[in-house]
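Engineer: Mind looking over this structure? Questions follow.
The values are calculated or read from the model by the stated rules, or taken from the named source; none is laboratory data. No experiment lies behind these values; they were computed from the predicted model shown. When we count neighbours, we look across all protein chains shown, and the Cβ atoms used for this are built from the backbone with ideal geometry, even at glycine. Heavy atoms of the whole protein, side chains included, go into the accessibility calculation; ligands, DNA and RNA do not. Shrake-Rupley method; radii C 1.70, N 1.55, O 1.52, S 1.80 Å.
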Amino acid sequence: MKEFNQKGGMSSEMGSEEAVGSSRVIKSVFFALLLDLLGFTLILPLLPSILDHYGQTEDSVYQSLQSIVDWFREAVGVPMETKYNSVLFGGLIGSLFSLLQFVSSPLTGAASDHYGRKPLLILTTLGLMSSYAVWAVSRSFSMFLLSRVIGGICKGNVSLCTAMIADLPCPKARNKGMMMVGIAFSLGFTVGPLMGAYFAINSRKEEVFYHGPAVLALVFSAADLLFIIVMLPETLPKQNKVSSVTSGIQESGDLLNPVALFHFSALTRTEDPPSKEKMQNLKVLGLVYFTYLFLFSGLEFTLSFLTHQRFQFTSMQQGKMFFFMGITMALIQGGYARRIKPGHHIRTVRLAILLLIPAFALIGLAWNLKMVYIGLILYSFAAAIVVPCLTTLVSDHGSANQKGTVMGILRSLGALARALGPIVASSVYWIAGAETCFIISSTSFIIPLVLLRRLGGLKQE
């Protein structure tokens with residue numbers, strides 16, 4: 001009996017230490033991700049104004065793109081609507097950024113499985129700092145594009161942070177961690193755009209209006225780098241690291257092949273791959289994740305252009321809109337999402353996606369701001385729920401040394417969706433107008449709802 005008590009006490013003590021360690025990791029990842037997202041979101045309310053700026057200054061690269069668009073418009077017989085050209089350019093930039101993430105994320109994930117999460121986070125943050133520095137000194141459209149290219153290549157912080165949460169040994173801690181990642185997104189998208197708009201409006205007359213937000217993004221990134229170096233612990237134990245980064249990089253070819261990506265092929269080639277049931281579950285979840293983000297990212301990206309053109313939103317009004325969305329998301333995540341019980345994630349995802357159908361229909365047809373903000377409330381509920389819940393479900397698959405691969409695949413699926421979504425949605429917007437774009441896309445959310453039915457006979461948790 002005494003021996004039993006000693007073992008029980010030892011087990012309890014180990015569990016307590018594990019809980020304290022997980023709590024520290026979650027708090028550190030939350031703060032590091034928040035700093036990263038604050039810098040990243042500063043540009044969101046400014047993008048329509050930045051593109052208008054280059055159009056008015058007769059930038060040579062911008063004018064060349066304008067000529068190509070005009071030629072294509074005449075070739076396909078699209079009516080002349082120059083105000084929609086900035087939407088198309090914005091979609092191209094957004095898709096380029098995510099396409100570069102799609103290419104770089106597998107390499108980052110594979111390298112982190114060998115070298116650890118922290119060294120790769122330091123490297124990607126240094127890259128982001130350089131992209132913000134280029135943006136701060138840019139005075140031409142080509143330099144602005146260069147800053148977005150560098151940022152797209154180096155934007156691996158989110159996938160690395162989610163991999164760190166996936167490294168946690170306890171499912172309950174992983175669930176809490178993924179919810180905290182969602183809260184970091186909410187806060188970042190609440191405060192960041194508003195700060196970006198504020199610094200743009202209050203820039204000095206001799207400076208271009210986006211100089212202040214660019215410098216602030218650089219400051220946030222530098223603070224993030226310092227925090228990662230000093231405070232962030234390594235979550236991947238030495239015994240769980242893959243033996244060679246070369247093998248990981250070879251496997252990353254599967255992450256660049258869309259067919260292999262949807263089949264989670266990189267995971268099937270690892271030692272002790274998940275069971276057939278879990279692999280089928282992963283494939284369905286991956287397809288739902290991709291379809292949802294493809295539709296969502298396209299409408300999310302064109303939203304600021306719709307309000308800019310239909311309601312003449314300034315950068316500050318755009319910032320206030322993002323602030324409203326972020327606050328709503330934070331309230332939902334803090335009051336509802338973190339209380340979602342195990343086994344209820346898929347049911348909650350269904351509800352959230354269903355609400356997006358009326359949400360985007362209201363926004364697309366809105367003739368007043370009341371309709372827009374009712375739609376944004378429904379939109380914010382889905383934005384707060386879907387990705388954290390799906391990420392939690394996916395993170396339960398794979399062994400400890402497979403987490404980087406699993407989360408890398410999920411991140412690549414998301415990057416591919418975000419690479420295709422903005423350009424497809426902005427093209428429909430450019431050809432057929434905002435109403436048609438939003439109505440077609442909103443009804444298309446039936447597709448992920450149908451896909452979720454394929455999980456009916458599978459174990460969800």
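Engineer: Of the residues W430, W367, which is open to solvent by 40 Å² or more (accessible area, probe 1.4 Å), more than 25 Å from V284 (Cα to Cα), modelled with pLDDT under 90 and not aliphatic (A, V, I, L, M)?
Structural biologist: Of the residues listed, the single one that is open to solvent by 40 Å² or more (accessible area, probe 1.4 Å), more than 25 Å from V284 (Cα to Cα), modelled with pLDDT under 90 and not aliphatic (A, V, I, L, M) is W367.
Engineer: Continuing with the same structure: Suppose we filter region 304-325 for residues that are open to solvent by less than 70 Å² (accessible area, probe 1.4 Å), in a helix (DSSP H, G or I) and not small (G, A, S); how many remain?
Structural biologist: 12
Engineer: On the basis of being under 20 Å from the mean Cα position of the chain (by Cα), closer than 14 Å to L410 by Cα and of a type outside the set (D, E), does S95 make the cut?
Structural biologist: no
Engineer: Counting only residues that are under 23 Å from the mean Cα position of the chain (by Cα) and in a helix (DSSP H, G or I), which one in region 227-245 is surrounded by the most Cβ atoms within 10 Å (Cβ to Cβ)?
Structural biologist: I228
Engineer: Does region 68-90 contain any residue that is modelled with pLDDT of 80 or more, over 17 Å from F40 (Cβ atoms) and open to solvent by 30 Å² or more (accessible area, probe 1.4 Å)?
Structural biologist: no
Yes or no, residue by residue, for (1) in a helix (DSSP H, G or I); (2) modelled with pLDDT of 90 or more; (3) crowded, with 24+ Cβ neighbours inside 10 Å:
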{"residue": "I385", "(1), (2), (3)": "yes, no, yes"}
{"residue": "F438", "(1), (2), (3)": "yes, yes, yes"}
{"residue": "S442", "(1), (2), (3)": "yes, yes, no"}
{"residue": "K459", "(1), (2), (3)": "no, no, no"}
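Engineer: For residues that are modelled with pLDDT under 90, in contact with a Gly (Cβ under 8 Å, 6 or more places away or on another chain) and of a type in the set (S, T, N, Q), scanning just region 171-222, find the one that is nearest to S23 (Cα to Cα).
Structural biologist: S186
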